[in-house]
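S.K.: I have a structure here, written as structure tokens, and I will follow up with some questions on it.
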Amino acid sequence: MSLAINDDVFSINLRCYFFLKYLVKVKLSDKNTRILLEQLIRHESASTDKVRELLEIYVKEHVTNRDKQEIFLLMIEHIQHSLDIRLFAFSVRLYIIKDVLLAEAKLKNASIAYDLAELHPLSLDYDNIIVFNPYNTRVQGALLVLLFFQKIERGEHTFLSEQSSHLLECLVQDMRILQAAGLEPNQMFMLMFTETMNQSITSASGSNYESRLKDVLVHIGIPRDSIRKAHDSHDISREFDLIFSLEQPTGGTRTYGIGAKRTLRERYKQFTNTADESDADILIQVTLGLDLNEAKANTIVVHKGVILFVADEIYDNRSFLQSLAHVYPVSELTIETLYNLPSRR
């Protein structure tokens with residue numbers, strides 16, 4: 001079976017993607033996008049040369065940035081015949097739709113705030129939402145694009161206002177003609193839309209575990225400006241992700257050195273190997289506990305005297321953790337717990 005792509009089909013799809021990509025680069029204001037579309041509609045029956053001339057005038061009057069002018073003029077160079085005019089106008093309409101779909105996709109991103117507010121920031125459920133959220137938004141966007149094209153191809157415009165429906169009707173008319181010439185509008189729009197989403201959505205995966213722990217400490221009463229990152233003076237290879245001093249109710253001050261790792265792998269050894277020599281009064285390892293087995297837990301807690309906090313979901317489902325004296329669920333990471341932790345010396 002041959003997988004050869006017809007040259008004409010490739011060409012029209014390439015030009016469509018090119019127009020969409022460069023419209024995003026120019027980043028026209030809403031007003032200037034409307035003016036551009038008005039010019040294209042008003043002169044849709046004009047010759048190619050006339051349309052190119054009008055577009056060059058449009059650039060001089062409405063695109064002030066020199067670099068963006070060059071980008072727009074490059075688009076004009078590739079309008080060579082009447083089908084290109086239709087393709088460019090179609091791309092402008094899709095460019096307008098892009099922001100509507102992108103905003104809808106981002107609503108999913110914003111709505112998780114309600115779920116997160118109900119969860120402990122160091123819990124497994126919280127972490128799962130944070131890790132998957134950037135991908136949720138991308139998948140949501142991809143499915144929205146698919147649904148959008150399915151609906152307009154079926155003539156369903158009720159999901160937008162009556163005024164917007166007219167834009168969609170014109171979009172569909174152009175789409176039918178361009179599809180007959182080989183255009184795959186869904187695929188070309190998806191390419192541009194995915195790239196736009198990737199630029200506008202930042203990943204918030206496990207790399208922020210340390211900052212979430214810091215927020216928890218501040219929430220329970222540790223002054224934010226007293227929490228710092230530092231190396232142990234007795235062992236420069238051991239870095240405390242967080243270290244702070246806390247005045248005790250009974251008098252005096254104790255220093256708490258904390259290692260914060262979503263997953264331990266072998267990194268816990270660097271934190272615990274020379275625990276006896278540390279200048280911190282209390283050493284604490286905080287982790288989700290996903291890769292925590294009984295041997296690791298014993299090494300950390302029993303042999304090295306380090307306090308261990310793990311996600312409640314892990315603590316509740318692993319009996320060996322519950323049987324160890326100095327292992328706690330993160331829900332018990334409170335100021336009272338910190339006061340009552342035994343000093344190593």
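S.K.: So what are the three principal axis dimensions of region 7-202 from its Cα atoms, in whole Å, longest to shortest?
M.R.: Largest to smallest, the principal-axis extents are 63, 40, 37 Å.
S.K.: Where both partners of a DSSP beta bridge lie in the chain, what percent of those bridges are antiparallel, to the nearest 5?
M.R.: Antiparallel bridges make up about 45 percent of those DSSP assigns within the chain.
S.K.: Another one. When the label point is put 7 Å from the Cα of Ala180 along its Cα-to-beta-carbon vector, which residues of region 68-92 have a backbone N closer than 19 Å?
M.R.: Correct set: 81-91.
S.K.: Assuming R0 = 56 Å, can you tell me the calculated FRET efficiency for the pair Ser331 and Ser164, based on Cβ-Cβ distance, to the nearest 0.05? Spell out each step's value before the answer.
M.R.: On the way: r = 48 Å, r/R0 = 0.86.
Rounded to the nearest 0.05, the efficiency is 0.70.
S.K.: A follow-up question, please. Kindly provide the helix-only [θ] at 222 nm of the chain, computed as the sum of -39,500 (n - 2.57) over DSSP H runs of four or more divided by all residues, to the nearest 500 deg cm²/dmol?
M.R.: Taking each H run of at least 4 residues, the total per residue is -19000 deg cm²/dmol.
S.K.: Counting only C-alpha contacts under 8 Å and six or more residues apart, can you give the relative contact order of the chain as a whole percent?
M.R.: On the way: 398 pairs, mean separation 47.4, N = 345.
Here the relative contact order equals 14 percent.
S.K.: A follow-up question, please. Holding the Cα-Cα limit at 29 Å, pick out from Lys98/Lys214; Lys60/Lys98; Lys21/Lys151; Lys50/Lys151; Lys214/Lys296 the pairs that are longer than that.
M.R.: Too far apart for the 29 Å limit: Lys98/Lys214; Lys50/Lys151.
S.K.: Full extension from Arg154 to Ile57: what is 0.36 nm times the residue separation minus their Cα-Cα distance, to one decimal in nm?
M.R.: 31.2 nm
S.K.: With springs only between Cα atoms under 10 Å, which of Ile41, Ile300, Ile258 fluctuates most in a Gaussian network model of the chain?
M.R.: Ile41
S.K.: On to the next question. Spin-label point model (7 Å from Cα, Cβ direction): what's the Ser29 to Thr250 distance in nm?
M.R.: 6.8
S.K.: Follow-up. Can you bin every Cα-Cα distance in the chain into 10 Å intervals starting at zero and give me the percent of pairs per bin, rounded to whole numbers?
M.R.: Result returned by the calculation: 5, 20, 21, 13, 11, 14, 12, 4, 0.
No value in this document is a laboratory result; all are computed from the given coordinates. These figures come from a predicted structure and were not determined experimentally. Because the Cβ atoms are built from the backbone with ideal geometry, glycine has one as well, and the counts that use them run over all protein chains shown.
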